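Peer 1: One structure coming up, written as structure tokens, with questions to follow.
The values are calculated or read from the model by the stated rules, or taken from the named source; none is laboratory data. Everything numeric here is computed off the predicted structure, so don't read it as measured data. Counting neighbours? That spans all protein chains shown, and the Cβs are built from the backbone with ideal geometry, glycine included. Only protein heavy atoms, including side chains, enter the accessible area calculation; ligands, DNA and RNA are left aside. Shrake-Rupley method; radii C 1.70, N 1.55, O 1.52, S 1.80 Å.
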Amino acid sequence: MGNMIVLIILLGISIGAIAAPVDPLSNFFRDKTKIEKPFELRDPFKPPQMKTDKSQNKGGFYVSGKGQYSNVQLATVTSIESIKIVGVLIGRERRAMVKNGGSGPIIILKEGMKIGEDGAELKAILPGGIIIVEKIVNIYGQEEYLETVIPISK
């Protein structure tokens, strides 16, 4: 008799659990909004996640450093032998304007930049031209530095 009462109570609980609604929130917004899945929307008080790359040109400018923006396209010098110096800007931040092979767009260089495939460094920008330093290995296996002075071309 005791087993029968326990069985009836368990049967009543299981039937009650089956008859209960699965998710009360699934039907809550049905009559109140036309948005299909309101819980999958983003939080309006948080900024949207941006998926941008710094190398992309979105606004017509390029990021050249921290807080530095430029609208001049970044181009590279392919070889030191083919560059032609068009002009030099002297001041707090020195710049040199160079044409690659005498034709093409003007490339703006600043002190400390690497030039060419060998990684020669632009050491100084002077009123009469620029000084480029290359690091090479001589026939004895020793490292040497070659300084190249390129005057302003006419």
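Peer 1: Which condition from (1) more than 30 Å from GLY119 (Cα to Cα); (2) at pLDDT below 75; (3) in a loop (DSSP other than H, G, I, E, B) is the one that GLY16 breaks?
Peer 2: It is condition (3) that GLY16 fails.
Peer 1: Another question, if that's okay. Which one is modelled with the highest pLDDT, of the residues in region 68-84 that are of a type outside the set (A, V, I, L, M, F, W, C) and open to solvent by less than 60 Å² (accessible area, probe 1.4 Å)? Before the answer, list the steps.
Peer 2: Our first condition is that a residue be of a type outside the set (A, V, I, L, M, F, W, C); within region 68-84, this holds for 68-71, 73, 76, 78-79, 81-82, 84.
Cutting the leftovers down to open to solvent by less than 60 Å² (accessible area, probe 1.4 Å) gives us 70, 79, 82.
Numbers: SER70: 75, SER79: 77, SER82: 81.
The qualifying residue modelled with the highest pLDDT is SER82.
Peer 1: Among the residues of region 86-104, count how many are open to solvent by 60 Å² or more (accessible area, probe 1.4 Å) and among the hydrophobic types (A, V, I, L, M, F, W, C).
Peer 2: Final tally of qualifying residues: 3.
Peer 1: Right, LYS32: among the basic types (Lys, Arg), modelled with pLDDT of 65 or more and either touching a Phe, Trp or Tyr at 6+ places or on another chain (Cβ under 8 Å) or more than 30 Å from LEU109 (Cα to Cα) (or both) or not?
Peer 2: Judged against the criteria, LYS32 is a match.
Peer 1: Out of region 105-115, which residues are assigned to a loop (DSSP other than H, G, I, E, B) and either open to solvent by 50 Å² or more (accessible area, probe 1.4 Å) or under 14 Å from ILE152 (Cα atoms) (or both)?
Peer 2: Those that are assigned to a loop (DSSP other than H, G, I, E, B) and either open to solvent by 50 Å² or more (accessible area, probe 1.4 Å) or under 14 Å from ILE152 (Cα atoms) (or both): PRO105, GLU111, MET113.
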